[in-house]
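Chemist: Please see the structure below; I have some questions.
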Amino acid sequence: MSKLLGIGVVILSLLCMPCLAQDTDSTDSPRLFRVATTLTPPFVVDDGEAGLSGIDVELWNRVADQLGVQTDWQVGSLQEALDSVKSGQADVAIAALTISREREATLDFTHAYYNSGLGIAVNSEQAGGMGLISFIKGMLTLAFVQAIGALALVLLISGLLMWLVERKANAEGIDGLERRGGRERHGSPLPDGHS
């Protein structure tokens with residue numbers, strides 16, 4: 001028993017060792033992070049004398065506060081921001097950017113914190129207004145009418161074939177009940193005196 005207790009104390013002390021480790025490079029001033037970004041409102045906005053603001057800036061400021069680091073903002077194009085991280089000229093890039101396989105091959109990304117849906121904008125004058133009538137006119141093409149007609153014909157033929165095959169074989173159908181003098185409709189019996 002005392003042997004197990006001794007092994008447990010050794011394991012516990014080994015697990016606690018990293019907690020007691022101190023940074024040998026610690027100085028009185030916090031570490032400076034070089035953060036590359038690009039102006040993309042509302043994520044990063046240049047407020048002139050006040051500096052940068054926006055969703056990404058607020059997010060990074062909270063991370064920097066938790067890490068206890070200072071920030072040196074480097075504003076440029078998106079490609080410049082990514083290239084500066086690749087080359088080591090910046091420690092991190094925060095911007096409205098998409099995560100792609102090509103980018104993941106050379107950079108590490110956090111989980112996406114903002115996802116936007118695809119939006120398509122067209123000139124309303126060139127689109128013909130795209131009201132209900134324009135939509136209906138656009139749908140009434142020869143190919144569309146032919147496709148709807150073919151679908152209706154297939155449904156009609158398959159329904160007729162099902163009726164021909166089932167009409168004599170299914171004694172429980174409506175025709176079978178009427179031949180036996182039954183008064184049931186849709187599986188619900190009717191009280192006497194009602195037809």
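The values are calculated or read from the model by the stated rules, or taken from the named source; none is laboratory data. Everything numeric here is computed off the predicted structure, so don't read it as measured data. Reconstructed Cβ throughout: ideal geometry from the backbone, glycine too, with neighbour counts over all protein chains shown. For accessibility, only protein heavy atoms count, side chains too; no ligands or nucleic acids. Shrake-Rupley method; radii C 1.70, N 1.55, O 1.52, S 1.80 Å.
Chemist: With a 1.4 Å probe and all protein chains in place, put 43, 109 in order of accessible area, largest first. Mind showing how you got there, number by number?
Modeler: Details: 43 30, 109 65 Å².
Greatest to least solvent exposure: 109, 43.
Chemist: Another question, if that's okay. For the stretch 28-166, which whole percent of the accessible surface, found with a 1.4 angstrom probe, sits on carbon and sulfur atoms? Could the numbers behind the result be given before it?
Modeler: On the way: 6370 of 10590 Å².
Within the stretch 28-166, the accessible surface is 60 percent carbon and sulfur.
Chemist: With the dipole of the stretch 48-123 worked out from charges on the C-beta (+1 for Lys and Arg, -1 for Asp and Glu) around the Cα centre, which of 85, 100, 54 lies farthest toward the positive end?
Modeler: Of the listed residues, the answer is 100.
Chemist: By average Cβ neighbour count within 10 Å, what is the ranking of 45-56, 78-89, 142-153 from highest down? Write down the numbers at each step before the final one.
Modeler: On the way: 45-56: 13.3, 78-89: 15.3, 142-153: 9.9.
Descending packing order for the listed peptides: 78-89, 45-56, 142-153.
Chemist: Enter the Cα centre distance for the pair the stretch 150-167 and the stretch 54-101, rounded to the nearest angstrom.
Modeler: Answer, in whole Å: 64.
Chemist: Could I ask something else about it? Can you list residues from other chains, or at least 5 along the same chain, whose modelled amide H is less than 5 Å from the amide H of residue 71?
Modeler: Those qualifying (amide H under 5 Å, at least 5 residues apart or on another chain) are 33.
Chemist: How much of residue 120 can a 1.4 Å solvent probe reach, expressed as accessible area in Å² and rounded to 10?
Modeler: Roughly 140 Å² of residue 120 is accessible to a 1.4 Å probe.
Chemist: What is the distance, in nm, between label points placed 7 Å from the Cα along the Cα-to-Cβ direction at residue 72 and at residue 162?
Modeler: 7.4
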